[in-house]
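**Q** Right, I'll just put the structure down here and ask away after.
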4 protein chains.
Amino acid sequence: MKNRITIWNEFRHEKENETVRLIYPNGIHEAIAAGIAPRGDFEIRTATLDEPEHGLTEEILDSTDVLLWWGHMAHPEVEDEIVERVHQAVLSGMGLIALHSAHASKIFVRLMGTNCSLKWREAGERERLWNVAPGHPIMEGIGQYFEVEPAEMYGERFDIPEPDELIMISWFAGGEVFRSACTWQRGNGRVFYFRPGHETYPVYHDENVLRVVANGCKWTRRRISKTTFEFPRTDPIESL
Amino acid sequence: MKNRITIWNEFRHEKENETVRLIYPNGIHEAIAAGIAPRGDFEIRTATLDEPEHGLTEEILDSTDVLLWWGHMAHPEVEDEIVERVHQAVLSGMGLIALHSAHASKIFVRLMGTNCSLKWREAGERERLWNVAPGHPIMEGIGQYFEVEPAEMYGERFDIPEPDELIMISWFAGGEVFRSACTWQRGNGRVFYFRPGHETYPVYHDENVLRVVANGCKWTRRRISKTTFEFPRTDPIESL
Amino acid sequence: MKNRITIWNEFRHEKENETVRLIYPNGIHEAIAAGIAPRGDFEIRTATLDEPEHGLTEEILDSTDVLLWWGHMAHPEVEDEIVERVHQAVLSGMGLIALHSAHASKIFVRLMGTNCSLKWREAGERERLWNVAPGHPIMEGIGQYFEVEPAEMYGERFDIPEPDELIMISWFAGGEVFRSACTWQRGNGRVFYFRPGHETYPVYHDENVLRVVANGCKWTRRRISKTTFEFPRTDPIESL
Amino acid sequence: MKNRITIWNEFRHEKENETVRLIYPNGIHEAIAAGIAPRGDFEIRTATLDEPEHGLTEEILDSTDVLLWWGHMAHPEVEDEIVERVHQAVLSGMGLIALHSAHASKIFVRLMGTNCSLKWREAGERERLWNVAPGHPIMEGIGQYFEVEPAEMYGERFDIPEPDELIMISWFAGGEVFRSACTWQRGNGRVFYFRPGHETYPVYHDENVLRVVANGCKWTRRRISKTTFEFPRTDPIESL
């Protein structure tokens with residue numbers, strides 16, 4: 001069965017900024033869609049902030065195995081009701097991949113239970129991502145490291161819960177480090193945070209980045225659809 | 001320096017139910033306060049739902065090293081603004097101990113990022129809590145197991161993130177099991193969930209239960225006071 | 001590509017004990033092989049203690065994706081050289097499933113770095129295994145719990161490192177609990193411990209048990225073949 | 001009660017190499033002892049490879065709360081019987097701090113169950129250690145980062161089990177990163193690996209390094225003395 005992917009993008013920078021539009025003429029979501037399509041048995045849809053219900057109706061989420069999330073300037077505009085809906089979808093089994101500035105998105109912050117804060121710098125520097133989990137399915141086809149340049153810098157301390165699995169650590173030319181690829185299980189769903197990606201750099205045209213995103217889609221894929229929002233009174237199994 | 005403890009209780013069952021009042025005449029918070037006082041170098045205060053700001057002003061939280069939370073019937077009445085305040089206090093370094101039905105409190109659910117659901121049954125059965133982390137400071141003075149009877153049953157699956165440390169697992173006479181003592185680091189603070197405790201059973205007069213709660217107060221104690229709610233742009237340390 | 005499974009059994013109880021032989025006439029390894037064969041795209045071989053090199057030559061291990069291990073009375077007879085070979089195979093990417101009394105096998109103890117001790121009792125009692133990770137691939141097709149009866153009891157404290165993932169917790173009629181399905185990543189390989197199974201009980205004819213073992217074979221499957229036994233001196237990537 | 005520290009050093013480089021002797025005239029063990037003594041309520045002893053039983057008799061280990069381990073060129077000379085003794089001491093509750101090249105010591109490798117391999121380079125470069133767990137007791141008094149220069153480089157992938165707590169990540173001028181401060185629970189004991197330290201660089205005269213080592217001594221301190229090397233048959237608690 002195909003892996004049903006929904007790529008969500010706030011899709012605002014691309015409309016307002018010529019630089020961004022040149023790099024991602026159809027939006028970051030379409031660049032990612034085109035980049036991962038040949039890398040797996042995916043059925044890909046997109047959704048954006050300005051669609052009704054941000055494009056994330058119950059029907060869409062119920063038929064989504066993995067939701068990718070890219071947001072930045074418009075995090076506060078995402079309706080709390082939709083965030084709650086996405087949250088419950090993840091806890092019921094849908095995978096979520098939070099990309100780059102989605103570290104501060106409402107949905108990622110809510111899933112983590114922390115502020116997800118970090119240091120940052122936009123200086124076009126070199127980033128080298130080291131593979132610290134070569135046996136992990138998300139690292140399939142990735143060597144000891146790869147580089148992204150120019151890259152926006154994200155630096156520690158990243159205020160996240162200790163990841164279940166730490167997969168990549170970034171080195172930045174300016175002197176910082178960052179936990180750039182991390183996974184967590186939440187409810188019945190899998191969450192993957194992946195750092196690379198910036199609206200004014202062509203990061204989502206990079207082969208290694210696209211490979212990791214595609215691998216992430218396979219790894220976070222929904223395995224089950226079962227709400228965790230039930231608190232049943234239950235009879236004893238053994239006689240009391 | 002003394003360990004400054006604030007015990008929070010919604011304090012409603014005790015006012016409305018004669019059975020509860022007989023067991024906890026001054027409220028669950030006062031029973032816990034009396035029970036842990038001789039077990040550590042504690043400075044203990046209490047706070048309750050019906051006080052202004054639920055008794056949890058900025059000043060109180062800033063001078064609290066560990067906050068204990070007991071709530072049940074009135075979870076929805078806790079103001080979101082106060083929840084946010086407590087949340088940030090934990091992320092800044094304050095410890096939090098969530099007791100029994102606090103699994104469904106707004107603050108615990110927010111810190112976990114999951115629904116924290118479970119099965120339950122009020123049948124006065126026997127619970128046996130097994131110590132699976134005998135080297136952990138929270139288990140100081142606790143043997144291989146202890147029993148609580150009568151106990152309300154809480155059964156798996158408990159919808160929590162995989163604990164950083166699983167400390168006790170409960171066996172119930174009716175046939176269920178439960179992860180009854182669990183810890184997580186969130187931001188700069190430590191969170192401890194401890195299952196025992198029920199308004200109509202005298203659980204907070206039990207020596208073992210009180211010992212674990214007191215040990216938990218020592219372990220979750222604030223180590224630092226430093227917000228994680230900052231996202232600073234930062235200059236490179238190395239020349240670019 | 002098929003998942004290449006090697007089922008290792010010390011194969012001694014079956015030769016010495018009539019009761020065991022009646023339950024597992026061709027050995028526990030053949031019972032497991034027959035039980036999992038229809039449940040996945042497996043290529044199954046077996047190996048036993050009394051074969052040359054215990055049936056675990058370099059060639060066999062290099063062409064094994066998952067090694068299952070059943071041992072009990074003859075743990076000390078396994079040659080250290082073979083244990084080292086299996087250990088390096090796991091660290092290079094081969095999966096390992098340690099079954100039941102393999103908790104005390106040389107290879108499992110070495111991978112864990114702890115004593116892997118536990119309490120036990122052979123009283124034919126009821127075991128109920130609770131699913132605490134319903135979204136995990138190893139729990140595919142498993143409900144909230146299943147029962148095994150008669151079961152040998154294994155009780156906490158189980159001296160293992162905190163599992164990366166705790167998947168099932170057992171309840172025993174005699175009053176104990178146990179972490180019965182646990183996973184760990186070691187090097188490039190995955191390790192899965194699964195408790196059920198005993199030589200004098202027909203546990204490896206149980207549908208649920210076989211399903212979990214088969215799922216475990218899929219989950220621990222080798223993803224990579226890359227030794228971790230190299231300590232290279234390396235030139236700087238950046239100019240110093 | 002004082003925290004009883006035993007600092008173990010193979011003490012060979014200092015005898016054979018003039019450069020090392022100039023930096024550590026009385027040996028690395030004495031430099032560490034002098035450096036941490038004022039930073040805690042410690043009772044400090046030392047032990048070295050060439051003493052009978054490597055200075056690690058049963059009596060010494062039984063009265064040691066934390067054992068620090070520094071070894072490099074003589075790892076293979078440590079007797080397996082002593083390694084087994086230290087291993088059981090840790091599992092029974094003694095803390096262990098593995099320093100720098102002790103990543104490849106027999107005792108650390110045995111506790112981890114992995115090869116503990118890494119990349120390395122001796123080029124006197126700059127290392128910057130980032131604090132990713134500011135609320136952890138081992139980071140008490142440590143800011144966002146500190147630098148060590150000159151430093152030997154250790155680079156990922158470090159073949160260790162996922163740490164229970166990742167505390168510091170190193171950035172190296174040459175382009176690598178490393179998980180430099182990590183903790184694990186094993187049996188009843190705590191294990192702390194801390195990367196800095198090299199025989200030809202004066203790293204153990206550095207204030208920050210010594211502070212972390214001293215904090216580590218407090219954190220890994222023995223809490224309990226209880227073997228995990230027992231497999232008792234046990235009667236049922238509940239009637240069967």
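**Q** Just one of (1) more than 30 Å from A:THR228 (Cα to Cα); (2) open to solvent by less than 10 Å² (accessible area, probe 1.4 Å); (3) within 14 Å of chain C (Cβ to nearest Cβ) trips up A:PRO134, so point out which.
**A** For A:PRO134, the failing item is (2).
**Q** Take B:MET94 and decide whether it is among the aliphatic types (A, V, I, L, M), surrounded by fewer than 18 Cβ atoms within 10 Å (Cβ to Cβ) and either touching a residue at least 60 places away in the same chain (Cβ under 8 Å) or closer than 14 Å to B:HIS29 by Cβ (or both).
**A** no
**Q** Could you check segment B:146-199 and list, in sequence order, the residues that are closer than 26 Å to B:ASP62 by Cα and touching a residue at least 60 places away in the same chain (Cβ under 8 Å)?
**A** Within segment B:146-199, B:TRP184, B:ARG186, B:GLY187, B:ASN188, B:GLY189, B:ARG190, B:VAL191, B:PHE192, B:TYR193, B:PHE194 meet the criteria.
**Q** Separate question: So, C:PHE172, is that one open to solvent by less than 60 Å² (accessible area, probe 1.4 Å), within 13 Å of chain D (Cβ to nearest Cβ) and hydrophobic (A, V, I, L, M, F, W, C) or not?
**A** Considered against the rule, which asks whether it is open to solvent by less than 60 Å² (accessible area, probe 1.4 Å), within 13 Å of chain D (Cβ to nearest Cβ) and hydrophobic (A, V, I, L, M, F, W, C), C:PHE172 comes out as yes.
**Q** Here's a follow-up. Can you tell me which residues in segment A:210-240 are more than 11 Å from every other protein chain (Cβ to nearest Cβ) and either open to solvent by 40 Å² or more (accessible area, probe 1.4 Å) or at positive phi (or both)?
**A** Across segment A:210-240, the qualifying residues are A:ARG211, A:LYS218.
**Q** Can you name every residue in segment A:51-76 that is touching a helix residue (DSSP H, G or I) at 6+ places or on another chain (Cβ under 9 Å) and among the charged types (D, E, K, R)?
**A** Those that are touching a helix residue (DSSP H, G or I) at 6+ places or on another chain (Cβ under 9 Å) and among the charged types (D, E, K, R): A:GLU53, A:GLU58, A:ASP62, A:ASP65.
**Q** For segment A:104-131: of the residues being of a type in the set (S, T, N, Q) and over 28 Å from D:ILE160 (Cβ atoms), which is nearest to the other protein chains (Cβ to nearest Cβ)?
**A** The extreme case among them is A:ASN115.
**Q** Name, by its number, the condition in (1) more than 10 Å from every other protein chain (Cβ to nearest Cβ); (2) surrounded by fewer than 24 Cβ atoms within 10 Å (Cβ to Cβ) that does not hold for C:GLU165.
**A** Exception for C:GLU165: condition (1).
**Q** On to the next question. Please tell me if A:ALA31 is within 14 Å of chain B (Cβ to nearest Cβ) and touching a helix residue (DSSP H, G or I) at 6+ places or on another chain (Cβ under 7 Å).
**A** No.
**Q** Related question: Specify which of the listed residues (A:GLU84, A:GLU77, A:GLU43) is open to solvent by 20 Å² or more (accessible area, probe 1.4 Å) and without any contact (Cβ under 8 Å) to a residue 40 or more places away in the chain.
**A** So the residue among A:GLU84, A:GLU77, A:GLU43 that is open to solvent by 20 Å² or more (accessible area, probe 1.4 Å) and without any contact (Cβ under 8 Å) to a residue 40 or more places away in the chain is A:GLU84.
**Q** Determine which single condition B:GLY113 fails, assuming it passes every other condition in (1) more than 15 Å from the chain's Cα centre (by Cα); (2) in contact (Cβ under 8 Å) with a residue 60 or more places away in the chain.
**A** With (1) more than 15 Å from the chain's Cα centre (by Cα); (2) in contact (Cβ under 8 Å) with a residue 60 or more places away in the chain applied to B:GLY113, the lone miss is (2).
**Q** While we're here: Considering only residues that are in contact with a helix residue (DSSP H, G or I) (Cβ under 8 Å, 6 or more places away or on another chain) and without any contact (Cβ under 8 Å) to a residue 12 or more places away in the chain, look in segment C:6-24 and name the one that is surrounded by the fewest Cβ atoms within 10 Å (Cβ to Cβ).
**A** Among those that are in contact with a helix residue (DSSP H, G or I) (Cβ under 8 Å, 6 or more places away or on another chain) and without any contact (Cβ under 8 Å) to a residue 12 or more places away in the chain, it is C:LYS15.
**Q** I'd like to know if segment C:16-30 contains one or more residues that are at pLDDT 95 or above and either of a type in the set (Ser, Thr, Tyr) or farther than 27 Å from C:TYR154 by Cβ (or both).
**A** yes
**Q** Test each condition in (1) under 20 Å from B:HIS72 (Cα atoms); (2) surrounded by fewer than 23 Cβ atoms within 10 Å (Cβ to Cβ); (3) modelled with pLDDT under 95 for B:GLY197 and report the one that comes out false.
**A** (2)
**Q** While we're on this one: Can you tell me which residue in segment B:144-155 is nearest to C:PRO161 (Cα to Cα), limited to those that are buried (at least 22 other Cβ atoms within 10 Å of the Cβ) and within 11 Å of chain A (Cβ to nearest Cβ)?
**A** The residue in question is B:GLY155.
**Q** Somewhere in segment A:57-71, is a residue more than 9 Å from every other protein chain (Cβ to nearest Cβ), open to solvent by 20 Å² or more (accessible area, probe 1.4 Å) and within 18 Å of A:VAL213 (Cβ to Cβ)?
**A** Checking segment A:57-71: not a single residue is more than 9 Å from every other protein chain (Cβ to nearest Cβ), open to solvent by 20 Å² or more (accessible area, probe 1.4 Å) and within 18 Å of A:VAL213 (Cβ to Cβ).
**Q** Residues of segment A:133-143 being closer than 13 Å to A:ILE167 by Cβ and either of a type in the set (Ser, Thr, Tyr) or part of a loop (DSSP other than H, G, I, E, B) (or both), which ones?
**A** Across segment A:133-143, the qualifying residues are A:ALA133, A:PRO134, A:GLY135, A:HIS136, A:GLU140, A:ILE142.
**Q** Looking for something without any contact (Cβ under 8 Å) to a residue 12 or more places away in the chain and surrounded by fewer than 22 Cβ atoms within 10 Å (Cβ to Cβ) - is there at least one such residue anywhere in segment D:119-126?
**A** For segment D:119-126, residues without any contact (Cβ under 8 Å) to a residue 12 or more places away in the chain and surrounded by fewer than 22 Cβ atoms within 10 Å (Cβ to Cβ): absent.
The values are calculated or read from the model by the stated rules, or taken from the named source; none is laboratory data. Being a predicted model, the structure only gives us computed values, none of them experimental. When we count neighbours, we look across all protein chains shown, and the Cβ atoms used for this are built from the backbone with ideal geometry, even at glycine. The protein model used for the area step is the full one, side chains on, heavy atoms only, and it has no ligands, DNA or RNA in it. Shrake-Rupley method; radii C 1.70, N 1.55, O 1.52, S 1.80 Å.
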